[in-house]
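Okay, structure first, notes after.
The values are calculated or read from the model by the stated rules, or taken from the named source; none is laboratory data. Only a predicted model underlies this, so the values are computations on that prediction, with no experimental measurement involved. With ideal geometry, Cβ positions are generated from the backbone for all residues, glycine too; neighbour counts draw on all protein chains shown. All accessible areas refer to the heavy atoms of the entire protein, side chains included, with ligands and DNA or RNA removed. Shrake-Rupley method; radii C 1.70, N 1.55, O 1.52, S 1.80 Å.
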Amino acid sequence: LSAVTLLTGCGFETRQQGAAVVNGEVIHSDAVEETARQLREAQFDFPENIVVTALVASPLLQDAVSESGGWQPDATAAYAIAAIPDATDTTKEFINTVAMLQSGQMTDQDVARYRENIDKANITVNPRFGQINRSEEGPLFFTIGQKQPNWIVAPTAAQ
């Protein structure tokens, strides 16, 4: 019984450290924070919830385009990666995912497979980054963020 408790506890701790879990694969919060930092330093300002969104979509997109030969990193992705010294694998994955989406090279069949992958996927998101907001519009068909304003934070005069 204590072995089961310990093993369950380890899984819980991993999930707590994760920004999201996609089909059992954990996207770690520290990797998201590092990617956001590297992007900011290279003048690509993406909030952490956008980084999480792209990293959640990445494996689903890669699977969708694999049948048609897949998308290969292009000059846009290479330029962005080159602008980030010592880019982590997670940062490279984020850049490649964004470049793939912006390339417009996905076929209709790729998009259909991607939508199927989203519908079948088991995705959980750490509330720190928001929640999944599904959409019928592309290119991602979902975002991760807050649906409602954060009522804990006092509104500014402009709000």
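Surface analysis of segment 83-126 yields an accessible area of 54 Å² per residue, using protein heavy atoms and a 1.4 Å probe. Computed over protein heavy atoms with a 1.4 angstrom probe, the accessible surface ordering of 120, 92, largest first, is 120, 92. To put it simply, the accessible area of segment 28-144 at a 1.4 Å probe is 49 percent carbon and sulfur. Here segment 21-127 yields Rg over Rh of 0.96, to two decimals, using C-alpha coordinates and the Kirkwood radius. Report the FRET efficiency, 1/(1 + (r/R0)^6), for residue 86 and residue 123, where r is their Cβ-Cβ distance and R0 is 25 Å, rounded to 0.05. Given R0 = 25 Å and the Cβ-Cβ separation, E is 0.25.
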